[in-house]
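J.: Please find one structure pasted underneath; my questions will follow.
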Amino acid sequence: QVHLVESGGGLVQAGGSLRLSCAASGRTFSTYRMGWFRRAPGKDREFIAAISRSGGSTNYAESVKGRFTISRDNAKNTMYLQMNSLKPEDTAVYYCAASTLYTVSTTPSGYVNWGQGTQVTVSS
């Protein structure tokens with residue numbers, strides 16, 4: 001298993017940017033596909049983005065495509081989510097997650113390890 005810790009959340013005005021980080025423990029980070037999800041108040045956990053083990057392939061939800069960028073640095077055991085042009089509807093708790101599947105998963109059930117989450121609040 002891999003232990004995940006998110007950081008970088010906070011309060012930002014609409015149109016602003018934030019960069020989330022997900023630090024992973026252990027030496028096996030590069031063997032996991034990784035993903036970002038978010039949960040807004042009163043809503044289900046929502047897929048945001050996923051990245052392959054090497055970082056060469058990415059997938060995004062339509063709601064964030066063109067605004068968010070997922071990346072990873074396997075040498076640093078860290079994944080990132082660069083969020084630009086933030087909107088109030090992006091307000092949520094953001095979670096990073098690790099998957100052992102050989103194909104990309106956009107559902108929470110495809111991920112075996114989760115971080116504790118970091119709050120992102122976008123004011124209008």
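J.: Which lysines does LYS43 reach when only Cα atoms under 27 Å apart count, and residues fewer than 8 places away in its own chain are ignored?
T.: In chain and number order, the partners are LYS65, LYS87.
J.: Indicate the gyration tensor shape class of the chain (rounded, prolate or oblate), computed on the Cα atoms with a ≥ b ≥ c the square roots of the eigenvalues: a/c under 1.5 is rounded; otherwise a/b larger than b/c is prolate and the rest oblate. It would help to have the intermediate numbers written out before the result.
T.: Details: a/c = 1.68, a/b = 1.61, b/c = 1.05.
Prolate, because a/c is 1.5 or more and a/b exceeds b/c.
J.: Just subtract the alpha-carbon distance of GLN1 and SER109 from 0.36 nm times their residue separation and send over the number in nm, one decimal. It would help to have the intermediate numbers written out before the result.
T.: Working: separation 108, 0.36 × 108 = 38.88 nm, distance 1.58 nm.
Difference between extended and current length: 37.3 nm.
J.: Relative contact order of the chain: what whole-number percent is it, with Cα pairs under 8 angstrom and at least 6 residues apart?
T.: Values: 310 pairs, mean separation 44.5, N = 124.
Once normalised by length, the contact order is 36 percent.
J.: How far apart, in nanometres, would the label points at SER71 and SER85 be if each is projected 7 angstrom from Cα along the Cα-to-Cβ direction?
T.: In this crude spin-label approximation the distance works out to 1.9 nm.
J.: For the pair ALA61 and LEU101, how long in nm is the line joining their label points, each one 7 Å along Cα→Cβ?
T.: 1.5 nm
J.: Mind checking the stretch 33-124 for chymotrypsin sites (Phe, Trp or Tyr not before Pro) that DSSP puts in a loop (not H, G, I, E or B) and that have at most 13 other Cβ atoms within 10 Å? Write down the numbers at each step before the final one.
T.: Working: sites: TRP36, PHE37, PHE47, TYR60, PHE68, TYR80, TYR94, TYR95, TYR102, TYR111, TRP114; in loops: TYR102, TYR111.
Hits after loop and neighbour filter: TYR102.
J.: Same structure, new question: For the stretch 98-105, just list the computed ³J(HN,Hα) in residue order, Karplus coefficients 6.51, -1.76 and 1.60, θ = phi - 60°, integers in Hz, with x standing in for Gly and Pro.
T.: Along the stretch 98-105, the couplings run 10, 10, 9, 5, 8, 10, 5, 10 Hz.
J.: Continuing with the same structure: Spelling out what I want: for every residue of the stretch 64-73, take phi, set θ = phi - 60°, compute 6.51 cos²θ - 1.76 cosθ + 1.60 (Karplus), and round to whole Hz; glycine and proline get x.
T.: These are the phi-based 3J(HN,Hα) values: 10, 4, x, 10, 10, 9, 9, 8, 8, 10 Hz.
J.: Over the stretch 1-52, average the accessible area per residue using a 1.4 Å probe and give it in Å², no decimals.
T.: Numbers: 2650 Å² over 52 residues.
Accessible area per residue, the stretch 1-52: 51 Å².
J.: Full-extension gain between ARG53 and LEU11, please, as 0.36 nm times their residue separation minus the C-alpha to C-alpha distance. Present the calculation step by step, with values, prior to reporting the outcome.
T.: Numbers: separation 42, 0.36 × 42 = 15.12 nm, distance 3.06 nm.
That pair, ARG53 and LEU11, stretches by 12.1 nm at full extension.
J.: With a cut-off of 18 Å, note down the residues of the stretch 20-36 whose backbone N falls inside the zone around a label point 7 Å from the Cα of GLN119 toward its beta carbon.
T.: 20-21
J.: Out of the total accessible area of the chain (probe 1.4 Å, heavy atoms of protein only), what percent is carbon and sulfur? Could the numbers behind the result be given before it?
T.: Details: 2990 of 6170 Å².
Within the chain, the accessible surface is 48 percent carbon and sulfur.
The values are calculated or read from the model by the stated rules, or taken from the named source; none is laboratory data. This one's a predicted model, so the numbers in the text were calculated from it and none came from an experiment. Cβ coordinates were reconstructed from backbone atoms using ideal geometry, including for glycine residues, and neighbour counts include every protein chain displayed. For the accessible areas, the whole protein counts, side chains as well, though only heavy atoms, and no ligand, DNA or RNA atoms are used. Shrake-Rupley method; radii C 1.70, N 1.55, O 1.52, S 1.80 Å.
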